[in-house]
Amino acid sequence: MSQNQDIANILDDMLKKAKAKGADAADAVAATAISLSHEQRLGKMESLERSEAHDLGLRVIIGKSQAIVSSNDWKEKALDELVDRAISMAKTVPEDPYIGLADPDMLFTGDVPDYETFDPEEPSAETLVERAKTCEDAALAVEGVTNSEGASASWSSADIFMAASNGFSAGFKSSSSSVGVSVIAGEGTGMETDYDYSSKVWGNDLTDPAEVGKSASERAIKKLNPRKGPTIQAPVVFDTRVSMRIASSLLGAINGSSIARGTSFLKDSLGKQVMSKNITLKEDPHRLRGYGSKAFDAEGLPTAAKNIVDEGMLTTWIMDLRTARQLGMESTGNASRGAASAPSPSTTNTYIEAGELSPEELIKDIKSGFYVTSIMGHGANMITGDYSQGAAGFWIENGEIAYPVNEMTIAGNLKDLFLELTPANNLTFRYGTDAPTIRIEGMTIAGA
């Protein structure tokens, strides 16, 4: 009998016991995870760790009340106690009129497609050590780099299985590999630090660790001898390292939970233009080797690709079943959950489509502006849209990168900024949410 079948039997047994003890409905999720990580600094090993964990979560619904319990003890007696505890809790918590499982005809059915989210090859400890060593050695070989803050390499995998009393039962696997380094350039009070890393679902898709190390060092050296830029109203260009924050801010503002509570500055914007007409923001949960790729969400509903923003127009909220019911709409198949939490709305693989201009073409007509490569803190008020963050990067003069700047602040209102976006053509898939280099007209920049 396969491991998945064993887990399916465990969950099915729990659901039957929950129903027998008074639950009107129930669902459960089991997650097993393995991780291996290595850290070193200046060639000396600082850690080499391997961990394994498994968690099981049970949600029971009695009437319009629900309770969620979890455990990492999968013995029969412990799971029986878990069922009893969930039933007892559900009888005492307040009612929620919007909870409930999906109707059976809404569920994902059929074989689960292989989106290549799982790399079956677990790297050896020696492989991780070599990746980190190669990365750090290449970084330290760059002239001008004076120290290392450490290099790391890691691998992890997760096996998720879900079942519910409405008949849903399915699972999927995922994995991740990474390598990175952080270095220091310069000396004394003139030191600057930067980093680079590569992270992929499959280990053989990683960027060459030597290239990662060299890139980190080159980034740090470019930041040496920074100045403070002027206080000015001017274009701001976001490097791909930080441009995805713009997409993330939009996604946070249209999350069904915020819309249902009325706490989003975009709560009245469905079907309206919220971004410039040259912006399309997509979700693709079926992309091969995508970090968030999956055929079904945490409530068993099928996932689907969609244009969340289509040529500037907001087409949908991001909803699970509960928020969809609150809003009088249908779920978008965007539920996620952990073993100890109820489902909530979340996206999978999202990205702003690439534009037509190169990053160089995007800045060539900027007489004076700010090219941002790093931002500090969480500076967005999601109720009002007011945005203000510390930033560092490079000053633009006469269409070219002129000199490094730091200790800057950029500000504006997201509702206005979204309407002033221009994307470059350099989209790469590096995070769960991605964007190319992006230009925003007329932000408030505060420096010296």
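The values are calculated or read from the model by the stated rules, or taken from the named source; none is laboratory data. From a predicted model like this one, the values you see are computed outputs, not experimental measurements. We place every Cβ from the backbone using ideal geometry, glycine too, and count neighbours over all the protein chains shown. Keep in mind that these areas ignore ligands, DNA and RNA; they rest on the heavy atoms of the full protein, side chains included. Shrake-Rupley method; radii C 1.70, N 1.55, O 1.52, S 1.80 Å.
Structure notes:
- Among the residues of the stretch 365-375, the one identified as open to solvent by 60 Å² or more (accessible area, probe 1.4 Å) and over 23 Å from Met275 (Cα atoms) is Lys367.
- Only one of the numbered conditions (1) surrounded by fewer than 20 Cβ atoms within 10 Å (Cβ to Cβ); (2) touching a residue at least 40 places away in the same chain (Cβ under 8 Å) is violated by His378, and that is (2).
- Single residue of Gly229, Gly203 found to be modelled with pLDDT under 95 and surrounded by 19 or more Cβ atoms within 10 Å (Cβ to Cβ): Gly229
- Applying a threshold of 6 Å to beta carbon distances and a minimum spacing of six or more residues, or different chains, the list of pairs starting in the stretch 415-433 at a residue that is part of a helix (DSSP H, G or I) and ending at one that is not polar (S, T, N, Q) reads Lys415/Phe265; Lys415/Gly385; Leu417/Ile440; Phe418/Val274; Phe418/Met275; Glu420/Ile440; Glu420/Glu441.
- Residues of the stretch 334-358 that are closer than 20 Å to Ala31 by Cα and either over 17 Å from the mean Cα position of the chain (by Cα) or at pLDDT below 95 (or both): Gly338, Ala339, Ala340, Ser341, Ala342.
- Failed item, numbered, when Trp74 is tested on (1) under 26 Å from the mean Cα position of the chain (by Cα); (2) surrounded by fewer than 17 Cβ atoms within 10 Å (Cβ to Cβ); (3) in contact (Cβ under 8 Å) with a residue 24 or more places away in the chain: (1)
- Residues located in the stretch 131-143, provided they are open to solvent by less than 40 Å² (accessible area, probe 1.4 Å) and either of a type in the set (Gly, Ala, Ser) or more than 16 Å from Arg219 (Cβ to Cβ) (or both): Ala132, Ala138, Ala139
- Filtering Ser175, Ser169, Ser257 for residues that are over 24 Å from Met376 (Cα atoms), of a type outside the set (Asp, Glu) and without any contact (Cβ under 8 Å) to a residue 60 or more places away in the chain leaves a single hit, Ser175.
- The residues in the stretch 381-406 that are open to solvent by less than 20 Å² (accessible area, probe 1.4 Å), out of contact with any Lys or Arg (no Cβ under 9 Å at 6 or more places or on another chain) and either more than 19 Å from Asp194 (Cα to Cα) or among the polar types (S, T, N, Q) (or both) can be counted, and the count is 1.
- Conditions (1) open to solvent by 40 Å² or more (accessible area, probe 1.4 Å); (2) more than 26 Å from the chain's Cα centre (by Cα); number of the one not met by Ile87: (1)
- For beta carbons closer than 8 Å, sequence separation of 6+ or different chains, a first residue in the stretch 14-26 that is over 18 Å from Val93 (Cα atoms) and a second that is part of a helix (DSSP H, G or I), the qualifying pairs are Met14/Leu79; Met14/Leu82; Met14/Val83; Lys17/Asp80; Lys17/Val83.
- Scanning the stretch 39-69 for residues that are open to solvent by 50 Å² or more (accessible area, probe 1.4 Å), in contact with a Gly (Cβ under 9 Å, 6 or more places away or on another chain) and either over 15 Å from Trp155 (Cα atoms) or among the small types (Gly, Ala, Ser) (or both) yields Arg41, Leu42, Glu46, Asp55, Lys64.
- Subset tally (residues that are out of contact with any Ser or Thr (no Cβ under 6 Å at 6 or more places or on another chain), open to solvent by less than 20 Å² (accessible area, probe 1.4 Å), assigned to a loop (DSSP other than H, G, I, E, B) and not hydroxyl-bearing (Ser, Thr, Tyr)) for the stretch 266-294: 5
- Looking only at the stretch 90-123, and only at residues there that are touching a Ser or Thr at 6+ places or on another chain (Cβ under 9 Å) and among the aliphatic types (A, V, I, L, M), the one that is surrounded by the fewest Cβ atoms within 10 Å (Cβ to Cβ): Val93
- Single unsatisfied condition, Thr347 versus (1) part of a loop (DSSP other than H, G, I, E, B); (2) open to solvent by less than 10 Å² (accessible area, probe 1.4 Å): (2)
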